[in-house]
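This report refers to the structure that appears directly beneath it.
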Amino acid sequence: MAALGSDAEIRQRAFQFLDDLRTIHGNALRREALARGFDLDGKRVPLIGPQGIFKPAVLANMPLSITTVPVNPRKARPYEDAVGEDGVIHYKYRGNDPSHPDNAGFREAMQRQVPLVYFVGLMPGRYYAEYPAFIVGDDPADLTFRVQVDDRRTIVAGEARVAEPTTTARREYVTVLAQRRMHQEEFRARVLQAYRECCAVCRLRHEELLEAAHILPDRHPHGHPVVPNGLALCKIHHAAFDRNILGIRPDLVVEIRDDILQEEDGLMLRHGLQELHGHGLLVVPRAGELKPDPVRLEERYSQFRQGG
Ligand SMILES: [Zn+2]
């Protein structure tokens, strides 16, 4: 009876539990669900705890997860921050003592290359999960560990295959992509919170159907992932905004493109698009510094007027 309840089995079950949660609830996971965790032979296995480095009671020494707490949502976070996009995540020791049991467990996880879950706080109570994550380095001088994310397919029966020569390059690449996803998820979480989980245009309140649109795109010099460059939109209005079917004036009035106004078709066209023409946004952030930036809207609206 090798597997059941073993360290590798528990990690595998944790990943499956997270897969299931994400399928149902999307990527911004609730802390309560993570703190409750899953059942293993009648024992509860939480995935997150009060400390950043977390080991559930069913595991012997090595942690199951590490967590970076959310930053203040009112402060813009530049791209080049602690969660940069350099392919390495720097994670602080617990306290200043390298031999604290949490740090020792972390080091053992590095030596044995066991897969962990890396949680990033998007906002208070909401976390994004990346897994499998591995400890790839230890910097006692800086009191930090280096963490990288890897491809899920490299985990076989809960254990990592690390002997491959391509492992280092692959992990760096996968981590860069993971860091981008973290920034996108953080942007989405902040925008949705500012718009009280509603579509700005139609007030739809189903989080699973909402997205954070950029007013000016990522590649634009002012296309930063900050709330004043964002709009919470449902999927259909996001797509309509991106394709210049729907425009938003700097005074926050919605316009629908002329040719679309002339069309005749079903209910979605009529109620979902044409009837919005000339109406103001239904939801905007209450705080002045979070409202959509009129200068960015002006530039975006002139693109809409030119038809793209
Ligand atoms: Zn909508």
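No value in this document is a laboratory result; all are computed from the given coordinates. Everything quoted here is computed from the prediction, not taken from an experiment. Reconstructed Cβ throughout: ideal geometry from the backbone, glycine too, with neighbour counts over all protein chains shown.
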Please work out the Cα convex hull volume for the range 193-283 and give it in Å³ per residue.
-> 98 Å³
Once Rh is set to the Kirkwood radius over Cα pairs, what Stokes-Einstein translational diffusion coefficient, in µm²/s, holds for the range 187-242 at a temperature of 10 °C and a viscosity of 1.306 mPa s?
-> 146 µm²/s
Along the three principal axes, how long is the range 91-181 when you take its alpha carbons, biggest first, rounded to the nearest angstrom?
-> 35, 33, 24
Scattering curve values for the chain, log₁₀ I(q)/I(0), Debye with Cα scatterers, q = 0.09, 0.10 Å⁻¹ | -0.54, -0.65
Scanning the chain for helices, which whole DSSP H stretches are 24 Å or more long along the axis (Cα) and average -1.0 or more by Kyte-Doolittle?
-> 7-25, 167-194
In nm, give the distance between the simple-model label positions of Arg180 and Asp251, each being 7 Å from the Cα along the Cα-to-Cβ direction.
-> 4.0 nm
Given Cα pairs under 8 Å that are at least 6 residues apart, what percent is the relative contact order of the chain?
-> 13 percent
State the extension gain, in nm to one decimal, for the chain segment bounded by Asp151 and His271, taking 0.36 nm per residue of separation less the distance between their alpha-carbons.
-> 38.9 nm
How would you classify the range 1-63 from its alpha-carbon gyration tensor, with a ≥ b ≥ c the square roots of the eigenvalues: rounded for a/c under 1.5, else prolate if a/b is greater than b/c, otherwise oblate?
-> oblate
Net charge dipole size for the range 172-261 [Lys, Arg +1 and Asp, Glu -1 on Cβ; Debye, nearest 20] | 100 debye
